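A.B. asks: Before I ask anything, let me first share the structure, which is written out below as structure tokens.
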Amino acid sequence: MKKLKVGVIGVGHLGKLHTKMFKSIDNCELIGIYDANQDTAKAVAEEFQTNLFNSINDLLKNTEAVSIAATTSAHFQLAKNAFEFNNHVFIEKPITATIEEAEELVKISNEKKLNLQVGHIERFNPGLLALEHYIDDPKFIQSDRLAQFNPRGTDVAVILDLMIHDIDIILSFIKSPVKNIEANGVEVVSEHIDIANARIQFENGAVANVTASRISQKKIRKMRIFQKDNYLSLDFVTGVSEVYRLLPVDTAVSNGSISFGEIGIGEKKKRLVYEQPESKEVNALKYELQLFVNSVLNNTKPVVSGEDGLRALKVAEAIIEKINESKKVIL
């Protein structure tokens, strides 16, 4: 079995987890790690019995692909450097600090035919995976992502830190251009926006109402999806998803379904059915890294491509711009 030679750049909290996951993936070989903080890097290298490189270029000379888990401001230069050494790149979200940087990375990856995958990990949440066969033309989506305060991540607005997860998911569901965005937000405990709400309208008529906060007492990460004749509910924290569907009265349902009776009359009569799809037992981080490795070895497009990361960033930046506009004094 061919194994992909992989390295990790940036081994703080998240990069350390990447290192651990790559060690457990069968069809890749962890060549080593690099971090500007050599003390941190040394400790991680010793813990996971891997090579510690003193320079990024030395690492890139020995790898075929790298995972970048450094600060967002460093994403662009690190990824560009990796491409120069013909390395495929997995890069944590958001893809880059600016839209222009993301556009250039996407362009380079396409020109050099190198894979660029963005770490929007919630795409691989067990509860969301359980709903993949139920998603069909959402009309309205409500998402709430509230987190307890953590200094890590406050170097950017909560839109780029937390809300971008839901933006990416919503864009993957609704295959239509964004028509209009309305948004509000405020700074509370940092110099950047800490709580925000956005209403995203799409050209096909779909609407998404998205809220994110990093000053909540409790962790809440939920999404509700409304479609024709069904309602889907997902808890990202527990991985539990629920489905309420209106089905023709003569439709056969699974043994695990619960019928709440019938509504309507005549030919329009339907049965209201509740289901709780079985969540897949999967480690979301390991799964997305495994899919990255597979895409490189099989020469296929990444599940969450650079284009996906770019589109999510564009919407996130548009939300921030709308919030800043709303703060302007009119009278």
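The values are calculated or read from the model by the stated rules, or taken from the named source; none is laboratory data. None of the values given here were measured: they were computed from a predicted structure. Using ideal geometry, Cβ is built from the backbone for each residue, glycine included, and neighbour counts are taken over all protein chains shown. The protein model used for the area step is the full one, side chains on, heavy atoms only, and it has no ligands, DNA or RNA in it. Shrake-Rupley method; radii C 1.70, N 1.55, O 1.52, S 1.80 Å.
A.B. asks: Got a number for carbon plus sulfur as a percent of the chain's accessible area, 1.4 Å probe?
C.D. replies: Values: 7940 of 16350 Å².
Result for the chain: 49 percent of the exposed heavy-atom area is carbon or sulfur.
A.B. asks: What's the angle, to the nearest 10 degrees (0 to 90), between helix 99-112's Cα axis and the longest principal axis of the chain?
C.D. replies: Taking Cα atoms only, the helix is inclined about 70 degrees.
A.B. asks: Right, something else. Tell me, what HN-Hα J-couplings in whole Hz come from the Karplus equation 6.51 cos²θ - 1.76 cosθ + 1.60 at θ = phi - 60° for each residue of region 210-220, using x for Gly and Pro?
C.D. replies: 10, 10, 9, 8, 10, 10, 8, 6, 10, 7, 10
A.B. asks: Same structure, new question: Give the calculated FRET efficiency between residue 133 and residue 249 to the nearest 0.05, with a Förster radius of 25 Å applied to their Cβ-Cβ distance. All intermediate terms of the calculation are to be shown ahead of the outcome.
C.D. replies: Details: r = 22 Å, r/R0 = 0.88.
Computed FRET efficiency for residue 133 and residue 249: 0.70.
A.B. asks: All other residues with a Cβ under 12 Å from the Cβ of residue 293 taken together, and with Lys, Arg as +1 and Asp, Glu as -1, what is their net charge?
C.D. replies: Values: positive: 2, 3, 5, 286; negative: 26, 29, 64, 288.
Combined, the nearby Lys, Arg, Asp and Glu give 0.
A.B. asks: Turning to a different aspect of this structure: Ordering 328, 268 by accessible area with a probe of 1.4 Å, largest first, what comes out?
C.D. replies: Greatest to least solvent exposure: 268, 328.
A.B. asks: Expressed as a whole number of Å, what is the distance separating the alpha-carbon centroids of region 219-247 and region 269-324?
C.D. replies: Using only Cα atoms, the two centres lie 16 Å from each other.
A.B. asks: Let me ask you something else. Rolling a 1.4 angstrom probe over the protein heavy atoms, how many square angstrom per residue are accessible across region 1-123? Can you show the working numbers first?
C.D. replies: Values: 5420 Å² over 123 residues.
Ligands and nucleic acids excluded, the figure is 44 Å² per residue.
A.B. asks: At a 1.4 Å probe radius, which order do 221, 214 fall into by accessible area, largest first?
C.D. replies: Numbers: 221 60, 214 10 Å².
Correct descending sequence by accessible area is 221, 214.
A.B. asks: On to the next question. What whole number of Å gives the distance from the Cα centroid of region 52-80 to the Cα centroid of region 168-182?
C.D. replies: Region 168-182 and region 52-80 have Cα centres separated by 32 Å.
A.B. asks: Share of antiparallel DSSP beta bridges in region 76-228, in percent to the nearest 5?
C.D. replies: Values: 22 of 33 bridges.
Roughly 65 percent of the DSSP beta bridges within region 76-228 come out antiparallel.
A.B. asks: Running a GNM on the chain with Cα contacts under 10 Å, which residue among 243, 66, 210 ends up with the highest mean-square fluctuation?
C.D. replies: Highest fluctuation among the options: 243.
A.B. asks: Between residue 61 and residue 104, what is the spin-label point distance in nm, taking each point 7 Å from the Cα along the Cα→C-beta axis?
C.D. replies: 2.5 nm
A.B. asks: Restricting to bridges with both residues inside the chain, how much of the DSSP beta-bridge set is antiparallel, in percent to the nearest 5? If you can, show how the numbers build up before the last one.
C.D. replies: On the way: 45 of 72 bridges.
Antiparallel bridges make up about 60 percent of those DSSP assigns within the chain.
A.B. asks: Where only protein heavy atoms count, and the probe is 1.4 Å, what is the accessible area per residue for region 189-331 in Å²? Intermediate values should be presented prior to the final figure.
C.D. replies: Working: 8170 Å² over 143 residues.
For region 189-331, the solvent-accessible area averages 57 Å² per residue.
A.B. asks: How tilted is helix 164-173 with respect to the longest principal axis of the chain? Cα atoms for both, answer in degrees (0 to 90, nearest 10).
C.D. replies: 60 degrees
A.B. asks: Provide the solvent-accessible area of residue 220, counting protein heavy atoms only and rolling a 1.4 Å probe, rounded to the nearest 10 Å².
C.D. replies: 60 Å²
A.B. asks: Now for a different question. If each residue of separation counts as 0.36 nm, what is the full-extension length gain between residue 112 and residue 238 once their alpha-carbon separation is subtracted? Before the final figure, lay out the partial values.
C.D. replies: Values: separation 126, 0.36 × 126 = 45.36 nm, distance 4.02 nm.
Net length gain for the segment: 41.3 nm.
A.B. asks: Same structure, new question: Quickly work out the residue 36-to-residue 228 label distance, labels modelled 7 Å from Cα along the C-beta direction, and quote it in nm with one decimal.
C.D. replies: 5.2 nm
A.B. asks: Which one of 254, 315, 276 has its Cα pushed farthest toward the positive end of the charge dipole of region 246-331, where Lys and Arg give +1 and Asp and Glu give -1 at the Cβ?
C.D. replies: 315
A.B. asks: To the nearest 10 square angstrom, how much accessible area does residue 21 have with a 1.4 angstrom probe?
C.D. replies: For residue 21, the solvent-accessible surface is approximately 20 Å².
A.B. asks: While we're here: Could you work out how far helix 284-297 tilts from the main Cα principal axis of the chain, as a 0 to 90 degree angle to the nearest 10?
C.D. replies: The angle comes out near 60 degrees.
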